[in-house]
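This report concerns only the one structure given below.
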Amino acid sequence: RTAEMAKLTQLIDNEIFQAYATYATIVLLKMMLVSCVTVYFRMSRKAFANPEDLPERGENAKKYLRTDADVERVRRCHLNDLENVVPFFGIGLLYALSGPELSTALLHFRIFAGARILHTIAYLAPLPQPSRGLSWLVGYAVTISMAYKVLKTALYL
Amino acid sequence: RTAEMAKLTQLIDNEIFQAYATYATIVLLKMMLVSCVTVYFRMSRKAFANPEDLPERGENAKKYLRTDADVERVRRCHLNDLENVVPFFGIGLLYALSGPELSTALLHFRIFAGARILHTIAYLAPLPQPSRGLSWLVGYAVTISMAYKVLKTALYL
Amino acid sequence: RTAEMAKLTQLIDNEIFQAYATYATIVLLKMMLVSCVTVYFRMSRKAFANPEDLPERGENAKKYLRTDADVERVRRCHLNDLENVVPFFGIGLLYALSGPELSTALLHFRIFAGARILHTIAYLAPLPQPSRGLSWLVGYAVTISMAYKVLKTALYL
């Protein structure tokens, strides 16, 4: 039992994997936070997508079945997060297992997490461009850089 | 060769990792099932998004290039699944590697899988609120709880 | 230090895991490429979703805040990628750890990657149906086949 537990926690005892686990969890939690922002805007703007979600019943309530510019903005922000956090999580996991230098790995993870936090702020504030565009590009470039390391280490076609 | 295979199957021989693999596969398969529901509703409601998908050719067929309330409902259900299953898969993997108690891990995985299956039923039936809202919240809380364990075990900033 | 690195690179030194890492990275990079296609079409079609993205200021620029058929097509392609690449990444990782034969695993990964590349070409060209439908179905079936192996090896409810 103890030996088995030791084997299981082998990965998580490695500093590079710990760094990956920390930053991957942070960006996934940040993405989850956007769900709460959507709920907040749907409630405060009274703009719902499903009839069963309406705060009141009757014909009069149907006016709340509508799209709202702020709600749609949060939804685009959430979808952009999915489109970028999924590749980071996947490629980042393989990168963490491909034997990078700890300092290099930390640099990748920190820049990605910072860029995505900035991206969310820039999308929701909203900040003037190119703040959102640049923060997207930085996260994208970090993921490409990790993918290059994975393919260099593990290429098996 | 045999020694290498043994190393490879080390993770999958661990009960906690087996439980994670089982429930992660179940919720991913459940999410994939929603794709089939979308195809079914697009066919039966004759509501398509792409001209090349229309069941017949000619001007008359263009009326099928439309949105349908049932199709849009399934698509929202699918997107909500992505937004919640991705964090569960990612944080759950790191959680399974962070050395939790087997019984605690099983509790997290079972509650999450149950909540997401209920969420899909509540979305597609649809059931009256707060059934969908609560099932979403339960899955969300389980993921936060696992994230807390990961960060407590592996925090490396 | 060296012993620790050796443990860390144990997974990535395994041929099955290398094959998984290679094809998972390829399909994630392919999915990321669709982001660039979206940006290209938004720029060339001058169809933007956010006021701060408009190429010029003033009342006259508001006409560019619109949806465009080509942009929407790329966005559907991207979402379909997410819906299918996420299950492949997740189930494929568990499958690679479930001790499959190398040749069987390679067959799964190669067919999936080929099918998804074809799917993107069929969606964006667009090619006449059933090319897109079939390429979707092939990727779907490969993922189900891997899920079956995972559950057969690791089922722990």
Report summary line: Between the residues C:Val37, A:Ile12, B:Ala147, the Cα farthest towards the positive end of the dipole of the protein assembly as shown, that dipole coming from +1 and -1 charges on the beta-carbon of Lys, Arg, Asp and Glu, is from C:Val37
Query raised in the report: With charges set only on the Cβ (+1 for Lys and Arg, -1 for Asp and Glu), what does the dipole of the protein assembly as shown come to about its Cα centre, in debye to the nearest 20?
Result: 900 debye
Report task. At a 1.4 Å probe radius, which order do B:Tyr20, C:Tyr156 fall into by accessible area, largest first? Result -> C:Tyr156, B:Tyr20
Requested in this report: Would you work out the charge dipole size for region A:1-154 about its Cα centre, treating the Cβ of every Lys and Arg as +1 and the Cβ of every Asp and Glu as -1, and quote it to the nearest 20 debye?
Outcome: 300 debye
Query - Per-copy distances of the B:Glu56 label point, shortest first, in nm (7 angstrom along Cα→Cβ) - result: 4.5, 4.5
Query raised in the report: What is the sum of charges around B:Ser44, taking Lys and Arg as +1, Asp and Glu as -1, for the other residues whose C-beta is under 10 Å from the C-beta of B:Ser44?
Result: +1
Report task. Counting helices only, and only those DSSP H runs with n ≥ 4, report the 222 nm mean residue ellipticity of chain C as the sum of -39,500 (n - 2.57) divided by its residues, in deg cm²/dmol to the nearest 500. Result -> -25000 deg cm²/dmol
Requested in this report: Using the Cα centre as the reference, give the magnitude of the dipole from point charges on the C-beta atoms of region C:10-97 (Lys, Arg: +1; Asp, Glu: -1; all else neutral), rounded to the nearest 20 debye.
Outcome: 500 debye
Query - Length-normalised contact order of region A:1-154 in % [C-alpha pairs under 8 Å, at least 6 apart] - result: 26 percent
Query - Label geometry 7 Å along the beta-carbon vector: B:Ser145 inter-copy distances in nm - result: 3.8, 3.8
Report summary line: Net charge near C:Leu28 (other residues with Cβ under 13 Å of its Cβ; Lys, Arg +1; Asp, Glu -1) is 0
Query raised in the report: Counting only protein heavy atoms and using a 1.4 Å probe, what share of the accessible area of chain A belongs to carbon plus sulfur, as a whole percent?
Result: 64 percent
Query raised in the report: How much accessible surface does B:Thr153 have with a 1.4 Å probe, in Å² rounded to 10?
Result: 50 Å²
Query raised in the report: How far apart, in nm, are the 7 Å Cα→Cβ label points at B:Leu137 and C:Ile144?
Result: 3.7 nm
Query raised in the report: Rounded to the nearest 0.05, what FRET efficiency is calculated for C:Glu56 and A:Lys152 with R0 set to 30 Å and r the Cβ-Cβ distance?
Result: 0.10
Query raised in the report: Can you pull the mean other chain C-beta count within 10 Å for peptide C:90-101?
Result: 6
**Report entry** Accessible surface of B:Asp70 - all protein chains present, 1.4 Å probe, nearest 10 Å²
**Finding:** 60 Å²
Query raised in the report: Taking the simple approach of a point 7 Å from Cα along Cα-to-Cβ for both B:Ala49 and A:Glu101, what is their distance in nm?
Result: 4.4 nm
Requested in this report: May I ask you to report, in nm to one decimal and beginning with the shortest, the distances from B:Glu101 to the same position in the other copies, taking label points 7 Å along Cα-to-Cβ?
Outcome: 4.4, 4.4
Report task. Taking all protein chains together and a probe of 1.4 Å, list A:Glu56, A:Glu101 from the most accessible to the least accessible. Result -> A:Glu101, A:Glu56
**Report entry** Flagged links, alpha-carbon separation over 31 Å, of A:Lys63/B:Lys62; A:Lys30/A:Lys62; A:Lys63/B:Lys46; A:Lys30/C:Lys63; B:Lys30/C:Lys63; A:Lys46/C:Lys63
**Finding:** A:Lys30/A:Lys62; A:Lys30/C:Lys63; B:Lys30/C:Lys63
Report summary line: Averaged over all viewing directions, the convex hull of the alpha carbons in region B:1-154 casts a projected area in nm² of 12.5 nm²
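The values are calculated or read from the model by the stated rules, or taken from the named source; none is laboratory data. A quick note: this is a predicted structure, and the numbers were derived from the prediction, not measured. When we count neighbours, we look across all protein chains shown, and the Cβ atoms used for this are built from the backbone with ideal geometry, even at glycine. Just so you know, the surface numbers come from the protein's heavy atoms only, side chains and all, with ligands and any DNA or RNA stripped out. Shrake-Rupley method; radii C 1.70, N 1.55, O 1.52, S 1.80 Å.
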